[in-house]
Amino acid sequence: MKFISYIPTLGMAVSLLMATAAALAAGPSYRLAVDGLACPFCAYGIEKKLSALAGVERLETDIEDGSVIITMQDGATLDEAAAQQAVKAAGFSLRTFEQVPPGAPEGQ
């Protein structure tokens with residue numbers, strides 16, 4: 001009977017370990033400052049083009065900041081020229097391109 005009382009705790013521990021492993025398995029992140037992001041429709045357009053790049057795992061668009069954080073799959077990298085081309089194809093201008101240092105908050 002005592003074992004049953006540990007099941008919820010064990011479930012939380014396993015979930016936490018899986019989430020941590022997934023975060024550690026993610027590849028590098030990049031912050032793109034984009035001129036012209038003004039609305040959700042703009043965000044959708046740029047996300048569509050950037051998500052089509054090989055190796056993109058996740059995108060986070062901040063309209064107020066005018067930036068996009070791209071997290072790549074483990075082992076993949078993002079080439080600045082490819083990012084520049086995708087941003088231009090979406091109708092925007094790439095102002096800056098920088099890799100987010102590992103462990104740094106991605107929104108900064």
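Taking the Cβ of Gly27 as the centre, find all other residues whose Cβ is under 9 Å away and add up their charges (Lys, Arg: +1; Asp, Glu: -1).
Taking every other residue near Gly27 into account, the sum is -2.
Could you work out how far apart the two model spin labels at Glu57 and Glu80 are, taking each label as a point 7 Å from the Cα in the direction of the beta carbon, and quote it in nm?
Inter-label distance under the simple model: 2.4 nm.
What does the C-alpha gyration tensor say about the overall shape of region 26-100? Classify as rounded when a/c is under 1.5, otherwise prolate if a/b is larger than b/c, or oblate.
Prolate.
Assign unit charges at the C-beta atoms only (+1 for Lys and Arg, -1 for Asp and Glu), then state the dipole size of region 22-95 relative to its Cα centre in Debye, rounded to the nearest 20.
Value, rounded to 20: 200 debye.
Every number here is computed from the coordinates shown, using simple stated rules; none is lab data. No experiment lies behind these values; they were computed from the predicted model shown. Because the Cβ atoms are built from the backbone with ideal geometry, glycine has one as well, and the counts that use them run over all protein chains shown.
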